[in-house]
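For reference, the structure I am asking about is given below.
The values are calculated or read from the model by the stated rules, or taken from the named source; none is laboratory data. This is a predicted model, so every value here is computed, not measured. Cβ coordinates were reconstructed from backbone atoms using ideal geometry, including for glycine residues, and neighbour counts include every protein chain displayed. Calculation scope for accessible area: heavy atoms of the full protein, side chains included, ligands and nucleic acids excluded. Shrake-Rupley method; radii C 1.70, N 1.55, O 1.52, S 1.80 Å.
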Amino acid sequence: MSVNRRTLVMASAATLATVSSPLVRAQAPIVVKFSHVVANDTPKGKGSEFFAKRAGELTGGKVKVEVYANSTLYKDKEEMEALQLGAVQLLAPSLAKFGPIGVKEFEVFDLPYIFDSYEELHKVTTGEAGKALLAKLEPKGIRGLAYWDNGFKSFSANRPLKAPADYKGLKMRIQSSKVLDAQMRALGAIPQVMAFSEVYQALQTGVVDGTENPISNLYTQKMHEVQKHLSLTNHGYLGYAVITNKKFWDELPADVRGQLEQAMKEATEYANKIAKEENDDALAKVKAAGKTEVYTPSAAERLELKKALIKVHAQMESRIGKETIQAFYKTTGFDPTKL
Ligand code: LMR
């Protein structure tokens, strides 16, 4: 047999073996664990389920995304560690939770009133300023894949919250962000960092008096059942960075990585499309439940709250970095001197 023919026969035999090998046919899919802390029925919960479905479809079953919602796998702090160790492959922590891993610049998103609308927010998340922030995750072994929206936060407590003086002395649960700490102190409140999974119980037992969240989070964690007053302040933004373990992502077969990038693109469009609606729906449900008095501040009350909180921008400049803050101002047109 000539060398060429022998090579061909061997190659065909190898191909045949590959095609029919039970080992190959039964090849296990790549499992991607996606852990998060909110309920399924939220913008992030729905976005992650959408991604899981599209990832399976686009990879033809080569990838199986397992979503673990509601802190069932990890709580806030543990999930970051688990991602860096490679125990979980995808997370979507809120932008307020990157300080503890040393990327303090993300706290720019927590500055009170930094965005007036989703349109302003999207100028950042789809532009250079947003990209520059995601790039800061790389030295931590993390790849930023996308920004997902949630919404604008409102304050809640067991007393009416109309004037800044109403917040004085209240123990308010916050996420692990120094900007949020400064925000609560600016109101004379006492901030308490706490994992999201513990908030309901802490409110119920009086460990804390109040909190802030977009309404979809408040409603799906039943916080409205243990908060008598909700003031629709919309004083700040809460959203997410979808992140993966950089090494895991880089080592994926190129075709699979491309398919997952496509699934992420579609999931991002979907999550960002439904976010406002989910929050509007949640507000309607809080009102219908009738357990919380929902207050809409007047224009004068809004202005008073803004005046009390805007100083947090200057206070936090050295922590976040002037360059990052200025890049955001420039992108959205925000002017902290104009109230
Ligand atoms: C919170 O801790 O209040 C939020 O970050 C939860 C979330 O992921 O939306």
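Filter region 147-184 down to residues that are within 13 Å of the ligand (Cβ to nearest atom), farther than 17 Å from ASN234 by Cα and hydroxyl-bearing (Ser, Thr, Tyr) and give me whichever is surrounded by the most Cβ atoms within 10 Å (Cβ to Cβ).
SER177
Could you tell me which of the residues GLY60, GLY130 is more than 16 Å from the ligand (Cβ to nearest atom), modelled with pLDDT of 95 or more, among the small types (Gly, Ala, Ser) and in a loop (DSSP other than H, G, I, E, B)?
GLY60
Assuming ILE310 fulfils every condition listed in (1) in contact with a Leu (Cβ under 8 Å, 6 or more places away or on another chain); (2) free of Cβ contacts under 8 Å to residues at least 24 places away in the same chain apart from one, which condition is it?
Against the list (1) in contact with a Leu (Cβ under 8 Å, 6 or more places away or on another chain); (2) free of Cβ contacts under 8 Å to residues at least 24 places away in the same chain, ILE310 comes up short only on (2).
Would you check if there is a residue in region 130-138 being open to solvent by less than 30 Å² (accessible area, probe 1.4 Å) and farther than 20 Å from ALA275 by Cβ? Spell out how you get there, then give the answer.
Of all residues in region 130-138, those open to solvent by less than 30 Å² (accessible area, probe 1.4 Å) come to 130, 133-134, 137.
Next, from what is left, pick out any that are farther than 20 Å from ALA275 by Cβ: 137.
Checked against the condition, which is being open to solvent by less than 30 Å² (accessible area, probe 1.4 Å) and farther than 20 Å from ALA275 by Cβ, region 130-138 yields at least one hit.
Please work out which one of (1) more than 14 Å from the ligand (Cβ to nearest atom); (2) over 18 Å from THR42 (Cα atoms); (3) not polar (S, T, N, Q) is the condition TYR118 fails and give its number.
If we test TYR118 against (1) more than 14 Å from the ligand (Cβ to nearest atom); (2) over 18 Å from THR42 (Cα atoms); (3) not polar (S, T, N, Q), just (2) comes out false.
As an exercise: evaluate VAL208 against (1) open to solvent by 10 Å² or more (accessible area, probe 1.4 Å); (2) touching a helix residue (DSSP H, G or I) at 6+ places or on another chain (Cβ under 9 Å) and give the number of the one condition it does not meet.
Every condition holds for VAL208 apart from (1).
Hey, another quick one. Starting from residues that are polar (S, T, N, Q) and within 13 Å of the ligand (Cβ to nearest atom), keep the ones in region 185-215 and report whichever is nearest to the chain's Cα centre (by Cα).
Per the criteria, the residue is ASN213.
Select from region 295-305 the residues that are surrounded by fewer than 16 Cβ atoms within 10 Å (Cβ to Cβ) and not in a helix (DSSP H, G or I) and list them in ascending order.
THR296, SER298
The rows are residues; the columns are (1) surrounded by fewer than 17 Cβ atoms within 10 Å (Cβ to Cβ); (2) out of contact with any Lys or Arg (no Cβ under 6 Å at 6 or more places or on another chain); (3) β-branched (Val, Ile, Thr); (4) outside any helix (DSSP H, G or I).
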position	(1), (2), (3), (4)
ILE243	no, yes, yes, yes
LYS247	yes, yes, no, no
TYR270	no, yes, no, no
LYS273	yes, yes, no, no
ALA284	yes, yes, no, no
LYS307	yes, yes, no, no
ALA314	yes, yes, no, no
GLU323	yes, yes, no, no
ASP335	yes, yes, no, yes
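Does any residue of region 72-90 turn out to be of a type in the set (Lys, Arg), within 16 Å of the ligand (Cβ to nearest atom) and outside any loop (DSSP other than H, G, I, E, B)?
Yes: one or more hits.
Please go through region 35-57 and give me each residue that is part of a loop (DSSP other than H, G, I, E, B) and surrounded by 22 or more Cβ atoms within 10 Å (Cβ to Cβ), ordered by number.
Residues of region 35-57 part of a loop (DSSP other than H, G, I, E, B): 36-42.
Of everything in region 35-57, those that are part of a loop (DSSP other than H, G, I, E, B) and surrounded by 22 or more Cβ atoms within 10 Å (Cβ to Cβ) turn out to be HIS36, VAL37, VAL38, THR42.
Take region 174-209 and flag every residue that is among the hydroxyl-bearing types (Ser, Thr, Tyr) and outside any loop (DSSP other than H, G, I, E, B). I'd like the intermediate steps shown before the answer.
At the first step, the residues of region 174-209 found to be among the hydroxyl-bearing types (Ser, Thr, Tyr) are 176-177, 197, 200, 205.
Those that are among the hydroxyl-bearing types (Ser, Thr, Tyr) and outside any loop (DSSP other than H, G, I, E, B): SER197, TYR200, THR205.
Now, a different point. Considering (1) part of a strand (DSSP E or B); (2) touching a Lys or Arg at 6+ places or on another chain (Cβ under 8 Å); (3) crowded, with 22+ Cβ neighbours inside 10 Å, say which one GLU107 fails and leave the rest.
GLU107 satisfies all of (1) part of a strand (DSSP E or B); (2) touching a Lys or Arg at 6+ places or on another chain (Cβ under 8 Å); (3) crowded, with 22+ Cβ neighbours inside 10 Å except (1).
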